1. Quote the relative contact order of the chain in percent (integer), defining contacts as alpha-carbon pairs under 8 Å separated by 6+ residues.
2. Debye sum, Cα scatterers, the chain, no solvent: what log₁₀ I/I(0) at q = 0.09, 0.13, 0.15, 0.16 1/Å?
3. Return the FRET efficiency for the residue pair residue 221, residue 170: r is the Cβ-Cβ distance, R0 is 25 Å, and the value is rounded to the nearest 0.05.
4. For the chain, find the longest principal axis of its Cα atoms and tell me its angle to the long axis of helix 182-198, 0 to 90°, nearest 10.
5. List the pair-distance distribution P(r) of the stretch 121-242, using every Cα-Cα distance, as the percent of pairs falling in each 5 Å bin from 0 up to the bin containing the longest distance, rounded to whole percents.
6. If R₀ is 45 angstrom, what is the calculated FRET efficiency for the pair residue 181 and residue 100, using the beta carbon separation as r and rounding to 0.05?
7. List, largest first, the extents of the alpha carbons of the stretch 183-225 along their principal axes, each in whole Å.
8. So how many Å³ per residue does the convex hull of the Cα atoms of the stretch 243-285 work out to?
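Coordinate-derived values only; no laboratory data. Fair warning: this is a prediction, and the values are worked out from it, not measured in the lab. Cβ: placed from backbone, ideal geometry, glycine included. Neighbour counts: every protein chain shown.
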């Protein structure tokens with residue numbers, strides 16, 4: 001796909017005249033959530049892949065701190081800096097602007113950029129918003145709830161993140177499913193409700209049992225859940241783009257499906273992902289969840 005074709009709407013036939021799709025806004029995401037339309041999210045780290053994903057109809061692009069592992073070859077996301085996050089956010093935003101992109105752009109607050117204080121979190125969020133992000137994402141419940149409220153009150157849309165939180169993987173003892181026992185499940189449910197109350201508009205649930213993520217989703221009236229290894233009962237799905245294209249540096253996680261299988265191009269694979277999320281055929285709880 002050339003960048004000149006990137007305005008073609010999701011599902012457009014080859015050779016059809018390009019037409020810009022409607023921009024994804026916070027209000028449009030809320031409307032999708034209310035109507036039960038699944039939200040398709042993918043990570044992106046550069047201008048070109050951002051443009052291709054946007055043309056394929058991806059609703060939300062996440063400049064994830066997963067770039068530390070995917071782009072930088074790190075063992076975890078802990079070593080990713082604010083400078084790196086700002087650089088990649090600017091790159092993705094330029095790609096969307098170049099093709100009059102419509103996807104909603106979210107950027108991760110990296111480890112060490114919001115733990116010190118609410119004020120530090122606000123400064124970091126402002127830096128990513130100035131780089132082009134329309135929403136920021138931070139990990140964890142508990143102490144983060146006051147931080148979420150503080151920055152939301154100051155005009156920063158927030159996506160929260162519960163379950164497996166990669167920035168605290170060392171504290172969690174590795175990449176393990178979270179919320180399997182009664183007490184940890186209750187804590188996740190309580191944190192989810194508190195984050196919604198604090199103003200979080202979206203909530204990533206990572207490696208949470210499918211039944212628990214479905215219960216959390218049903219309990220949240222205004223906060224759209226986005227699952228990754230959390231079953232099909234969430235309001236949307238997210239994957240690392242490289243994983244779903246079958247390009248990774250190790251064994252892919254259980255929750256990943258290789259969408260390049262049966263596709264003759266990256267664009268077609270991305271369209272297949274969007275279609276599978278929208279029609280509910282991905283994920284398959286028997287294959288991709290716990």
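1. Numbers: 592 pairs, mean separation 50.2, N = 290.
Result for the chain is 17 percent.
2. -0.38, -0.83, -1.15, -1.34
3. Details: r = 35 Å, r/R0 = 1.38.
That gives a FRET efficiency of 0.10.
4. In the chain, helix 182-198 runs at an angle near 70 degrees to the longest axis.
5. Final binned percentages: 2, 12, 22, 24, 20, 13, 6, 1, 0.
6. Values: r = 48 Å, r/R0 = 1.07.
With a Förster radius of 45 Å, E is 0.40.
7. Per principal axis, max minus min of the Cα coordinates gives 24, 17, 16 Å.
8. Details: hull volume 2.7 nm³, N = 43.
Roughly 63 Å³ of hull volume per residue.
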